[in-house]
Amino acid sequence: MKKIAIIATLFLLMGAVVIGCKDKRSPGTVYMPDMAYSRGYETYAPRDSTIFTLNPNNAGHKIFYNNQSPAGTIKRGELFPFNVPNDSNGLINLSALVKNPLAPLNRKELEEAGRLFNINCAVCHGAKAEANGPLAAKIGGVKSIIATSPTYSDGRIFFVLEYGQLNMGSYASQLSREQRWRIVQYIRTLEPRIDSTVTVTPSVATKTIN
Ligand code: HEC
């Protein structure tokens, strides 16, 4: 009697295994459905257009979901966006109203800013920002940054880094806002000293970065 029970159980188990393997793509009889079929919204899953809509006017009938963060959202720790429009009024007048949000850089931060300048800008503008980088002639000439920057506000230099200028592209996707504001401060250290009694006083950063 005991033997028959054991043999019967074995057959039942084998039967269950065989049924479970019938179709490789089907999980068979699902014991815990929430584990087999996720109820969460899967990344990159196709959006079911009978449930979701990309048109905010349809919200209410369907779920409005466009994967975007709400307008005006700022990443934690990120600086405020540069809201000056990309036109001549923005360049000449409005940019000057935006102050550099960073405190003066310390020696280490200035070195880092110099490193970023040498990587991103020196290829055209040269390490001293005088328009003599190796690429300058190849793209039909660049402008010396320090020839004009002493008369420019920080915001105006940032404007150029945000939107680019003629043959120079925007740096908004390559450098974070903080990195760009740091580069603006670094450019200030390259500008010629106005005080003529100070002879050769290279800045901290130009001494260490070459
Ligand atoms: C591909 C070469 C190239 C690179 C790289 C480049 N620039 Fe420029 N930059 C130019 C050109 C060309 C102009 C001049 C546009 C013009 O004639 O008005 C310019 C203009 C500028 C100006 C405005 C000068 C003025 O008098 O209006 C600033 C400021 C400036 N660049 C800063 C930078 C900084 C900072 C970087 C690095 C983040 C950088 N550039 C990277 C090519 C470059």
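Listed conditions (1) within 21 Å of Pro192 (Cα to Cα); (2) modelled with pLDDT under 95; (3) surrounded by fewer than 11 Cβ atoms within 10 Å (Cβ to Cβ) are all met by Asn106, apart from (2).
Report, by residue number, each residue of region 166-177 that is in contact (Cβ under 8 Å) with a residue 12 or more places away in the chain and loosely packed, with under 13 Cβ neighbours inside 10 Å. Selection gives Asn167 alone.
Taking region 72-188 and the helices (runs of 4 or more DSSP H) fully enclosed by it, the elements with 1 or more residues that are more than 10 Å from the ligand (Cβ to nearest atom) are at 88-92, 107-120, 154-163.
None of Phe82, Phe52 is in contact with an Asp or Glu (Cβ under 9 Å, 6 or more places away or on another chain) and surrounded by 10 or more Cβ atoms within 10 Å (Cβ to Cβ) except Phe82.
In region 125-159, what residues are touching a residue at least 60 places away in the same chain (Cβ under 8 Å) and either closer than 17 Å to Leu175 by Cβ or surrounded by 20 or more Cβ atoms within 10 Å (Cβ to Cβ) (or both)? Even if it seems obvious, please write down each step before you answer.
Residues of region 125-159 touching a residue at least 60 places away in the same chain (Cβ under 8 Å): 127-129, 155-156, 158-159.
The answer is Ala129, Gly155, Arg156, Phe158, Phe159.
Among the residues making up region 45-99, those that are touching a Phe, Trp or Tyr at 6+ places or on another chain (Cβ under 6 Å) and of a type in the set (Ser, Thr, Tyr) are Thr53, Tyr65, Ser95. Against the numbered list (1) over 30 Å from Gln165 (Cβ atoms); (2) free of Cβ contacts under 8 Å to residues at least 12 places away in the same chain; (3) not aromatic (Phe, Trp, Tyr), Asn89 comes up short only at (1).
Just to be sure before I move on: is Lys62 modelled with pLDDT of 85 or more and surrounded by 10 or more Cβ atoms within 10 Å (Cβ to Cβ) in the structure I sent?
Numbers: modelled with pLDDT of 85 or more: no; surrounded by 10 or more Cβ atoms within 10 Å (Cβ to Cβ): yes.
The answer is no for Lys62.
The values are calculated or read from the model by the stated rules, or taken from the named source; none is laboratory data. Since this is a predicted model, take the numbers as computed values, not measurements. Cβ atoms come from the backbone with ideal geometry, glycine included; neighbour counts cover every protein chain shown.
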